[in-house]
Amino acid sequence: MPLPSEFAQDGSTVLLWDEDGRSLPCQVEHTLELDEQPYALLFPVDHPVEIFSWEADEDGEEDVLVDVEEDEIDALFDTAKAVLAEQNLTLQRTAITLTVAGELPEAQEEDCFTLDIGEGLALGPEDDSSEDFQILATFFQEDVEYTICTPVDPLLIFAQLTPDGKAQVVPPEDFERLRLDLEAKLFDLLD
């Protein structure tokens, strides 16, 4: 299947759709074909964000960051949106991730941290299973402290291109099956 015309050029902007019908505006970084199926490597146009809560660890001795689950986002969304609006940032409920539109504040060392994502999202030493974040804001709701962060490194998304010219999230089970082939094709493109 040839690539749809709107994906033919790297650098174009497309909407990525998830199974809930939400979209995420993305820039096409690379397009590639695998088994006659077109795929694209995408970067979100706006800044991805995550909301974490501070909770006591198993020993109750120190607080650790815990990822807020998707079903909890609705209850926090309006408060998080208002807190970010104070910084001229607009929180958006988009496919794959929450995003903010606007200019991020310059990252200061004290606003950045490394999160160990290998052991249940507890702060930990930097290694292959860690991710760097910049804190954008904190707020309290129902006596719980929440932190809104953006990843320091760009979020890369593999998407499948459909015959009608849309981009769809590659389901996790398909991504795991195709991952090595997709990565090999991508590395070939970058050489």
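A few points about this structure:
- Filtered residue count, the range 139-191, keeping only those that are under 24 Å from VAL49 (Cα atoms), at pLDDT below 85 and surrounded by fewer than 13 Cβ atoms within 10 Å (Cβ to Cβ): 2
- Of the strands (runs of 3 or more DSSP E) lying entirely inside the range 1-107, those containing at least 1 residues that are farther than 30 Å from PHE187 by Cα span 47-56, 63-67, 90-93, 98-101.
- Contact annotation: residue pairs with Cβ atoms under 8 Å, 6 or more positions apart or on different chains, pairing a residue in the range 82-110 that is over 21 Å from PHE158 (Cα atoms) with a partner that is basic (Lys, Arg), are THR90/LYS81; LEU91/LYS81.
The values are calculated or read from the model by the stated rules, or taken from the named source; none is laboratory data. Bear in mind that the values here come from a model prediction, so they are computed numbers and not experimental data. Here Cβ is always computed from backbone atoms with ideal geometry, including for glycine, and neighbour counts include all displayed protein chains.
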